[in-house]
Amino acid sequence: MRTDFKIEGIDELVKVLAELPNAVRNRVTISALLSGGGVLRTEQQRQVPKHTGDLAKSIKTTRYTTRKEGERAVAVGVRGKESPLAHLVEFGTSPHPIAAKPGKKLRYVKDGEVRYATKVQHPGARAKPFIRPATDTKGVQAFEKVRDVMYAGIVREAEKLAQKTGSRRR
């Protein structure tokens with residue numbers, strides 16, 4: 001489950017960013033992307049159903065490099081032991097049979113009584129979306145956060161470079 005965004009309208013920032021040294025450019029870009037991803041992560045954690053709280057704790061913001069030279073990206077989503085369950089919560093499940101492994105039995109509770117069976121019919125589960133609604137409600141705010149952090153980072157790094165070279169920013 002993945003949603004990609006392309007930030008439009010920040011051409012000036014990109015031009016200035018391109019003039020900075022690679023290490024500085026990477027630091028500013030990654031910082032901005034992680035900040036924007038943090039907005040989405042926080043909203044996903046707020047919206048996820050909290051049966052045990054494990055699914056919410058598993059929502060992470062992760063940085064990675066893409067195959068394109070100089071391109072950076074972050075992913076916001078469920079990582080770890082809960083990740084195989086996230087799509088079942090997001091999209092729900094249809095009714096389906098569950099069979100025990102050969103020679104084993106399934107244990108379940110019905111009407112307060114513990115029961116055992118070799119096969120049961122799962123009634124399904126309704127969808128409880130949290131990823132898409134978080135993107136819908138906080139996507140614009142995440143973009144704005146990326147833009148603001150990137151702008152502040154460019155200004156900060158340009159001032160550092162100016163101090164190193166002895167020149168002044170005008």
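The values are calculated or read from the model by the stated rules, or taken from the named source; none is laboratory data. What you see is a predicted model, and the numbers here were worked out from it, not measured in a lab. No Cβ is skipped: glycine too gets one built from the backbone with ideal geometry, and neighbour counts run over all protein chains shown. With ligands, DNA and RNA removed, areas are computed over all heavy atoms of the protein, side chains included. Shrake-Rupley method; radii C 1.70, N 1.55, O 1.52, S 1.80 Å.
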Residue match in region 87-104 (condition: in contact with a strand residue (DSSP E or B) (Cβ under 6 Å, 6 or more places away or on another chain) and β-branched (Val, Ile, Thr)): yes
Test set (1) in contact (Cβ under 8 Å) with a residue 24 or more places away in the chain; (2) farther than 25 Å from LEU55 by Cα; (3) outside any helix (DSSP H, G or I) - PRO97 fails condition number: (2)
Every residue from region 65-118 that is β-branched (Val, Ile, Thr) and open to solvent by less than 70 Å² (accessible area, probe 1.4 Å): THR66, VAL74, VAL76, VAL78, VAL89, THR93, ILE98, VAL114
Residue among ALA56, ALA23 that alone is in a helix (DSSP H, G or I) and open to solvent by 30 Å² or more (accessible area, probe 1.4 Å): ALA23
Qualifying residue in region 68-89 (condition: closer than 30 Å to ALA23 by Cα, touching an Asp or Glu at 6+ places or on another chain (Cβ under 6 Å) and of a type outside the set (Asp, Glu)): no
Complete set of residues in region 36-50 that are of a type outside the set (S, T, N, Q) and either open to solvent by less than 20 Å² (accessible area, probe 1.4 Å) or farther than 12 Å from THR135 by Cβ (or both): GLY36, GLY37, GLY38, GLU43, ARG46, VAL48, PRO49, LYS50
Count - residues of region 115-134 that are assigned to a loop (DSSP other than H, G, I, E, B) and among the hydroxyl-bearing types (Ser, Thr, Tyr): 1
Residue that is most open to solvent (accessible area, probe 1.4 Å), among those in region 123-138 that are farther than 11 Å from PRO49 by Cβ and not charged (D, E, K, R): PRO123
Per-region count, region 101-114, residues within 30 Å of VAL48 (Cβ to Cβ) and part of a loop (DSSP other than H, G, I, E, B): 2
Residue that is free of Cβ contacts under 8 Å to residues at least 60 places away in the same chain and out of contact with any strand residue (DSSP E or B) (no Cβ under 7 Å at 6 or more places or on another chain), where the choices are VAL120, VAL146, VAL114, VAL140: VAL140
